[in-house]
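Some notes on the structure that comes next.
The values are calculated or read from the model by the stated rules, or taken from the named source; none is laboratory data. It should be emphasised that the depicted structure is a prediction, and the values quoted were computed from it without experimental measurement. Methodologically, a virtual Cβ is constructed for each residue, glycine included, from the backbone with ideal geometry; neighbour enumeration extends over all protein chains shown.
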Ligand code: FAD
């Protein structure tokens with residue numbers, strides 16, 4: 001049977017982009033239909049991305065902090081880790097959030113069709129469900145179909161020891177030896193989890209450094225810590241072959257930084273980036289342009305080349321981050337409702353929730369150099385932060401980049417505990433056009449990690465010369 005459904009706005013995909021857009025559109029009086037292939041709302045972020053990874057990272061933090069309190073004369077016995085129970089707890093966190101979304105959708109009378117959506121025309125989408133199919137006629141559509149983990153060709157997919165981030169988050173047992181292919185944010189976050197749980201972790205990264213998008217000095221504190229904890233970190237290294245070896249996998253390496261010997265691993269995580277899903281939704285039937293990588297180009301109103309069809313989130317471009325998706329979702333919904341909205345953010349902040357956390361926003365030094373923008377920098381090292389020391393840590397730094405003549409903030413990067421939370425002060429300062437004085441003359445609580453932002457501004461102004 002095929003049901004015909006009519007609506008004002010169809011939203012394809014229920015990730016942070018899609019549900020935010022759908023809620024906003026409904027609040028603005030639109031009749032909204034969400035098409036989502038999975039039975040739960042929340043997309044990658046809630047189900048197999050941001051949220052479950054942060055839940056496991058919290059467990060990792062508790063474990064390592066307890067271990068490190070040993071030096072302070074507080075000793076705990078070795079933790080007993082029940083991977084099944086930890087996995088259930090993590091799933092409970094996810095379920096609470098996705099359940100909340102379902103209630104919010106119901107309250108707004110948003111119709112949710114569970115099935116795979118494919119455009120069949122510029123005003124029509126076919127939805128193939130398990131037992132039911134629908135044809136949805138819409139006035140406007142918002143494509144929020146997200147992205148999928150990239151695969152490496154020739155690897156034995158299907159072998160239980162070979163996983164992507166979704167498999168790595170589905171904690172079954174703790175491997176003795178783990179290989180993480182890809183030293184980006186997702187790979188390093190999962191490495192941090194498994195290291196804390198007791199696995200011996202090896203990282204293999206193709207480029208010459210970890211978290212390539214961030215400045216090297218900001219990644220350094222993470223590198224120093226994980227060099228001590230992990231079995232090996234290979235940069236300039238390609239995993240050339242991965243072969244089945246009973247329950248394990250044997251990896252061979254190639255490249256300047258590669259080890260000569262192959263290695264055997266109980267778990268291999270491939271985290272080499274994500275591919276937008278643009279080519280999988282029948283966009284051509286609606287006349288919507290998709291570039292060769294699968295991204296759907298949009299203007300500042302989030303419109304595709306077909307003006308009543310919008311695209312938001314991972315599918316419309318980098319950086320592939322949840323907060324960019326939800327920001328864009330609101331714009332698309334507001335433009336559809338006739339409001340004057342457009343993409344006007346100056347930066348999308350990035351955070352690696354590793355230990356220590358690495359966070360940055362605005363310009364990086366490397367970007368400034370490439371673009372020929374002159375920047376000044378001031379750095380406050382966290383070994384001079386009282387708050388950091390009271391937490392048993394010495395590592396971390398806060399770096400501000402600013403314009404020499406106006407002293408306006410142009411970028412910031414923070415490495416250390418809670419860097420992801422601290423970064424927002426600098427992002428707000430940047431959006432507000434703040435200069436170093438604005439930051440330096442704002443009273444920050446003492447002792448706090450947030451003081452490091454003020455201190456870095458004072459260093460820039462020359463009002464702190466010596467660290468005390
Ligand atoms: P998605 O969340 O990808 O949602 C798209 C939805 O569309 C999916 O539910 C999919 O099932 C559905 N869909 C696709 N095609 C169809 C179709 N044809 N028919 C029906 N439904 C369809 N970002 C952060 O900002 N912070 C983090 O800490 C963070 N951690 C991450 C950790 C991991 C392990 C991963 C993998 C990602 C992480 N991300 C993080 C990235 C974040 O998850 C994405 O940027 C975000 O989910 C993108 O949202 P979206 O709405 O564009 O799409």
For this session: Scan the range 302-330 for residues that are touching a helix residue (DSSP H, G or I) at 6+ places or on another chain (Cβ under 9 Å) and closer than 18 Å to residue 8 by Cα and jot them down.
Result: 302, 303, 304, 306, 308, 309, 310, 311, 312, 329, 330
For this session: Looking only at the range 237-251, decide whether some residue is under 29 Å from residue 365 (Cα atoms), more than 16 Å from the ligand (Cβ to nearest atom) and exposed (fewer than 15 other Cβ atoms within 10 Å of the Cβ).
Result: no
Exercise. Could you say which residue among 332, 359, 325 is within 22 Å of residue 211 (Cα to Cα) and touching a strand residue (DSSP E or B) at 6+ places or on another chain (Cβ under 7 Å)?
Worked result: 359
Exercise. Out of the range 33-43, which residues are touching a strand residue (DSSP E or B) at 6+ places or on another chain (Cβ under 7 Å), under 20 Å from residue 322 (Cβ atoms) and more than 6 Å from the ligand (Cβ to nearest atom)?
Worked result: 34
Problem set entry | Criterion: closer than 30 Å to residue 194 by Cα and away from the ligand (no atom under 11 Å from the Cβ) - qualifying residue of 358, 331 | 358
Exercise. Across the range 200-215, which residue is surrounded by the fewest Cβ atoms within 10 Å (Cβ to Cβ) among those that are free of Cβ contacts under 8 Å to residues at least 60 places away in the same chain and touching a strand residue (DSSP E or B) at 6+ places or on another chain (Cβ under 8 Å)?
Worked result: 200
Seminar exercise, completed: Condition set closer than 16 Å to residue 196 by Cβ, touching a residue at least 60 places away in the same chain (Cβ under 8 Å) and part of a helix (DSSP H, G or I), scope the range 67-89, selection farthest from the chain's Cα centre (by Cα): answer is 69
Exercise. Any idea which of (1) under 27 Å from residue 116 (Cβ atoms); (2) touching a helix residue (DSSP H, G or I) at 6+ places or on another chain (Cβ under 8 Å) is the one residue 210 doesn't satisfy?
Worked result: (1)
For this session: Collect the residues in the range 365-408 that are over 14 Å from residue 422 (Cβ atoms) and buried (at least 23 other Cβ atoms within 10 Å of the Cβ), keeping them in residue-number order.
Result: 401, 402
Exercise. Which condition number does residue 10 fail, the rest of (1) out of contact with any helix residue (DSSP H, G or I) (no Cβ under 6 Å at 6 or more places or on another chain); (2) in a helix (DSSP H, G or I) being met?
Worked result: (2)
Exercise. Out of (1) within 15 Å of the ligand (Cβ to nearest atom); (2) loosely packed, with under 13 Cβ neighbours inside 10 Å, what's the single condition that is false for residue 97?
Worked result: (2)
Problem set entry | Considering residues of the range 166-188 that are within 12 Å of the ligand (Cβ to nearest atom) and either in a loop (DSSP other than H, G, I, E, B) or modelled with pLDDT under 95 (or both) only, the residue surrounded by the fewest Cβ atoms within 10 Å (Cβ to Cβ) | 170
For this session: Tell me which residues, restricted to the range 135-165, are assigned to a strand (DSSP E or B) and farther than 22 Å from residue 312 by Cβ.
Result: 135, 162, 163
For this session: Starting from residues that are more than 12 Å from the ligand (Cβ to nearest atom) and not in a strand (DSSP E or B), keep the ones in the range 112-128 and report whichever is surrounded by the fewest Cβ atoms within 10 Å (Cβ to Cβ).
Result: 122
Exercise. Out of curiosity, is residue 145 within 14 Å of the ligand (Cβ to nearest atom), crowded, with 17+ Cβ neighbours inside 10 Å and closer than 30 Å to residue 184 by Cβ?
Worked result: yes
For this session: Report the residue count in the range 271-309 for those that are at positive phi and in contact with a strand residue (DSSP E or B) (Cβ under 7 Å, 6 or more places away or on another chain).
Result: 3
Seminar exercise, completed: Picking from 56, 12, 46, the residue that is surrounded by 18 or more Cβ atoms within 10 Å (Cβ to Cβ), near the ligand (Cβ under 9 Å from one of its atoms) and closer than 29 Å to residue 191 by Cβ would be 46
